[in-house]
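Student: After the structure tokens below, expect a handful of questions from me.
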Protein chains: 2
Amino acid sequence: MQLLKDRILKDGIVKPGNILKVDSFLNHQMDITLINEIGKEFKRRFADCPITKILTIEASGIGIACIAAQYFDVPVIFAKKAQSLNLDGEMYCSKVESFTHKKVYDVILSKKFLGPEDHVLLIDDFLANGCALLGLIDIVKESGATLEGAGIVIEKGFQNGGQKIRDMGVRLESLAIVDSMTDDSLTFRD
Amino acid sequence: MQLLKDRILKDGIVKPGNILKVDSFLNHQMDITLINEIGKEFKRRFADCPITKILTIEASGIGIACIAAQYFDVPVIFAKKAQSLNLDGEMYCSKVESFTHKKVYDVILSKKFLGPEDHVLLIDDFLANGCALLGLIDIVKESGATLEGAGIVIEKGFQNGGQKIRDMGVRLESLAIVDSMTDDSLTFRD
């Protein structure tokens, strides 16, 4: 998606430790005009899929999923990290390791909101090692729903998450895949 | 907002400890059609304000803020809970006590995204004791921005957050104010 790649080149900042900061438009401050275009692009790429629910994970996936859901005309469900006192009843649960925060946490989703009749599109802002997305895929499997695919805004192509998920046979659409980055250059996959 | 009140009566569940669960349409599964109407209503109520940014707090406020922001044509910024390795540089910070999770946490926002030139609308899903909203108000004060008001989806009128915030002179618009609730009845303020 050229508009997104241009924006990453313009406003993305590369930090030590292979960190790409896009917090001025994607995951701290959110440019809603850009995210609307991202939502339309996800709809274009998954137009042939009978999506009934969009599943994401808190926190930064939620806004993107909500904007995109307008084009699919379906509800958003978001998995929560760690146990919450407000969540009772039966839960789908998967363990996820966060490299950013250096810890393992539970990803949980109420069983009420996903079942075998559903066709699910996963949406998230970033894909690097794939742990969060694998947690969501686990939850979809546990629910018996059909996984139609995953839409990612930015994939770090030099980490192995994308490869792992494509090797599982999951239809993965990343709107920008960064194949390499240094302080003064950033290369996208064609 | 009648549509919202009707939905709370239809799908809200009262749990022991004064918990009102609206997770089937607002803060776990999200009914995007309803949230669009909520966004329009916030715009109607704050139409006279020169809003430049919508500020919310992760996680459940983000989706509502993003949908609403489309009607204001402004970016969303969301404050984060606790310190994150991905957030560097200078931060606004406020301490917030969570009654739901029984702990104190930091609410942080990058200084890059809010300054004296901004006119801010706060948006969140719930207002009970007001701690989260007071944290956001602190951050706006620290930034020197103008606080135009706060838009809340559901206010628990029997807790003191709304009163505290109105007493501070903040323009507070809650789309549904629950004045009392028991297992089998729920009363809204007129």
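Only the coordinates and a few stated rules stand behind these numbers; no lab work does. Being a predicted model, the structure only gives us computed values, none of them experimental. Note that each Cβ is placed from the backbone with ideal geometry, even for glycine, and that neighbours are counted across all protein chains shown.
Student: May I ask you to list the residues of segment B:22-48 whose amide nitrogen lies under 13 Å from a point 7 Å from Cα along the Cα→beta-carbon direction of B:ASP6?
Tutor: Answer for segment B:22-48: B:34.
Student: When Lys and Arg each count +1 and Asp and Glu each count -1, what net charge do the other residues less than 13 Å away from B:LYS43, Cβ to Cβ, add up to?
Tutor: Within the 13 Å Cβ shell, the charges total -3.
Student: What average number of partner chain Cβ atoms lie no more than 10 Å from the Cβ of the residues making up B:23-36?
Tutor: 6
Student: Here is a further query. Based on DSSP, what percent of beta bridges with both residues in the protein assembly as shown are antiparallel, to the nearest 5?
Tutor: Just about 45 percent of them are antiparallel.
Student: Quick query: amide H of B:GLN159 versus all other amide H atoms, modeled in the peptide plane; which residues come in under 5 Å with a sequence gap of 5 or more or a different chain?
Tutor: Placed amide hydrogens put nothing under 5 Å from B:GLN159.
Student: Based on DSSP, what percent of beta bridges with both residues in chain A are antiparallel, to the nearest 5?
Tutor: Around 45 percent of the beta bridges assigned by DSSP in chain A are antiparallel ones.
Student: Continuing with the same structure: Give me a single rounded figure for B:162-175: the average over its residues of other chain Cβ atoms within 10 Å of their Cβ.
Tutor: Rounded to a whole number, the mean comes out at 0.
Student: Give me the net charge of A:SER60's neighbourhood, meaning all other residues with Cβ under 11 Å from the Cβ of A:SER60; Lys, Arg count +1, Asp, Glu -1.
Tutor: -4
Student: Quick one: the Cα spread of segment B:19-78 along its three principal axes, in angstroms, biggest first?
Tutor: If we take the Cα atoms of segment B:19-78, the spans are 34, 21, 19 Å.
Student: Given H placed 1.01 Å from N in the peptide plane, which residues other than close sequence neighbours of B:VAL170 have an amide H under 5 Å from its amide H?
Tutor: Those lying under 5 Å, H to H, from B:VAL170: there are none.
Student: From largest to smallest, what semi-axes in whole angstrom does the protein assembly as shown give when each is the square root of 5 times an eigenvalue of its alpha carbon gyration tensor?
Tutor: 32, 25, 19
Student: How large are Rg and Dmax for chain B when only the alpha carbon atoms are used, in Å?
Tutor: Considering chain B through its Cα atoms, Rg and Dmax are 16.0, 50 Å.
Student: Angle, helix A:131-143 long axis vs. longest principal axis of chain A, Cα atoms, 0 to 90°, nearest 10?
Tutor: Between the helix axis and the principal axis of chain A, the angle is about 20 degrees.
Student: Could you work out the mean count of beta carbons from other protein chains within 10 Å of each residue's beta carbon in B:68-81?
Tutor: So the per-residue partner count for this stretch is 4.
Student: How large is ³J(HN,Hα) for each residue in segment B:21-37, as worked out from phi by the Karplus curve 6.51 cos²θ - 1.76 cosθ + 1.60 (θ = phi - 60°), to whole Hz, x for Gly and Pro?
Tutor: 8, 10, 6, 7, 9, 10, 9, 8, 8, 10, 7, 5, 5, 4, 5, 4, 5
Student: Based on the mean of other beta carbon atoms within 10 Å per residue, what is the order of A:138-144, B:29-35, A:154-160, most packed first?
Tutor: B:29-35, A:154-160, A:138-144
Student: Hey, another quick one. Taking a point 7 Å out from Cα toward Cβ as the label site, list the nm distances between A:ARG189 and the same residue in every other copy, smallest first.
Tutor: 5.3
Student: What does the charge count near B:PHE158 come to, summing +1 for each Lys or Arg and -1 for each Asp or Glu among other residues with Cβ under 11 Å from its Cβ?
Tutor: Details: positive: B:LYS156, B:ARG189; negative: B:GLU155, B:ASP179.
So the environment of B:PHE158 carries a net charge of 0.
Student: Relative contact order for chain A using alpha-carbon pairs under 8 Å, separation at least 6, rounded to a whole percent? If you can, show how the numbers build up before the last one.
Tutor: Numbers: 359 pairs, mean separation 34.1, N = 190.
The normalised contact order for chain A reaches 18 percent.
Student: Moving on to the next point. Mind listing the phi-derived Karplus ³J(HN,Hα) values for segment A:115-124, rounded to whole Hz, using 6.51, -1.76 and 1.60 with θ = phi - 60°, and x for any glycine or proline?
Tutor: x, x, 7, 8, 10, 10, 10, 8, 9, 8
Student: If packing is taken as the average number of other Cβ atoms within 10 Å across a peptide's residues, how do A:65-71, B:166-172 rank, most packed first? Don't skip to the answer; put the middle values down first.
Tutor: Values: A:65-71: 25.4, B:166-172: 13.6.
Packing order, densest peptide first, comes out as A:65-71, B:166-172.
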